[in-house]
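**Student:** Let me begin by handing over the structure; questions about it come next.
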Amino acid sequence: MTHDFADVKRICQDCTMAGLEAMYEAGLSKPFRFVYLSGEGTPRDQTKKPLILGQYLLMRVSIYILLFYLCLDFNGSKCTHIFVGRD
């Protein structure tokens with residue numbers, strides 16, 4: 001079974017970011033905790049495309065990076081970022 005990559009990206013990245021931003025705009029509890037589950041073995045270096053599922057894994061790490069920096073932007077709200085599944 002295959003899925004259109006645009007749909008995968010919309011679900012994995014766009015919906016995740018939109019959901020977190022909506023929670024922030026609604027008012028965060030203090031401290032705010034958001035758990036993001038990333039794939040095991042997701043490369044940190046985006047210049048090295050993995051041989052298997054390369055485009056997908058690079059997209060996943062880009063989400064990790066986006067969430068990390070978004071949480072830094074929320075720092076005044078005492079956002080606590082917890083990323084599970086990263087090495």
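The values are calculated or read from the model by the stated rules, or taken from the named source; none is laboratory data. The shown structure was predicted, so the numbers you read here are calculated from the model rather than taken from an experiment. Using ideal geometry, Cβ is built from the backbone for each residue, glycine included, and neighbour counts are taken over all protein chains shown.
**Student:** Of everything in region 2-52 that's at pLDDT 70 or above, acidic (D, E) and part of a loop (DSSP other than H, G, I, E, B), which residue is nearest to I63 (Cα to Cα)?
**Tutor:** Among those that are at pLDDT 70 or above, acidic (D, E) and part of a loop (DSSP other than H, G, I, E, B), it is D45.
**Student:** Between a residue in region 11-27 that is of a type in the set (V, I, T) and any residue that is assigned to a helix (DSSP H, G or I), which pairs come within a Cβ distance under 9 Å, given they are 6 or more apart or on different chains?
**Tutor:** Here the result reads T16/I63; T16/L66; T16/L67, each pair linking region 11-27 to a residue that is assigned to a helix (DSSP H, G or I).
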